[in-house]
Amino acid sequence: MNDIKVGDIVQLKHGGQLMTVSTIGRRYEFSTTLCAWCVWFDGNGKRTHAAFELESLRTPSKTRRFFIKTFDVFRELNPWKK
């Protein structure tokens, strides 16, 4: 059983952006699969959202979250960025 709940920081199991779970429920009225509606900011700072099946998500470790956030900050401050 997946223990993801609203407010958790999650990531797709194959990687990608860190996202915040905003809602958990069924994507369609008669669906039996639970989904998490997630929000995140893309590389341009645009707020994005989508629904993902709970089985496709994981909660990254705090160390990994720190590394990803630090890398994102460095990338924005990088003076050699074109």
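The values are calculated or read from the model by the stated rules, or taken from the named source; none is laboratory data. Fair warning: this is a prediction, and the values are worked out from it, not measured in the lab. FYI the Cβ positions are ideal-geometry reconstructions off the backbone, even for glycines, and counts take in every protein chain you see. The area values use the complete protein model at the heavy-atom level, side chains included, leaving out ligands, DNA and RNA. Shrake-Rupley method; radii C 1.70, N 1.55, O 1.52, S 1.80 Å.
Go through the range 24-49 and give me each residue that's surrounded by fewer than 16 Cβ atoms within 10 Å (Cβ to Cβ), in a strand (DSSP E or B) and either in contact with a Cys (Cβ under 7 Å, 6 or more places away or on another chain) or not hydroxyl-bearing (Ser, Thr, Tyr) (or both).
Within the range 24-49, Gly25, Arg26, Leu34, Val39, Phe41, Arg47, His49 meet the criteria.
What is the residue count in the range 38-80 for residues that are out of contact with any Lys or Arg (no Cβ under 9 Å at 6 or more places or on another chain), modelled with pLDDT of 90 or more and aromatic (Phe, Trp, Tyr)?
Adding up the residues that qualify gives 1.
Checking Phe52 against (1) over 15 Å from Ile4 (Cβ atoms); (2) open to solvent by 30 Å² or more (accessible area, probe 1.4 Å), which single condition isn't satisfied?
Result: Phe52 passes all but (1).
Can you pull out the residues in the range 5-23 that are open to solvent by less than 60 Å² (accessible area, probe 1.4 Å) and at pLDDT below 90?
Gly15, Gly16, Leu18
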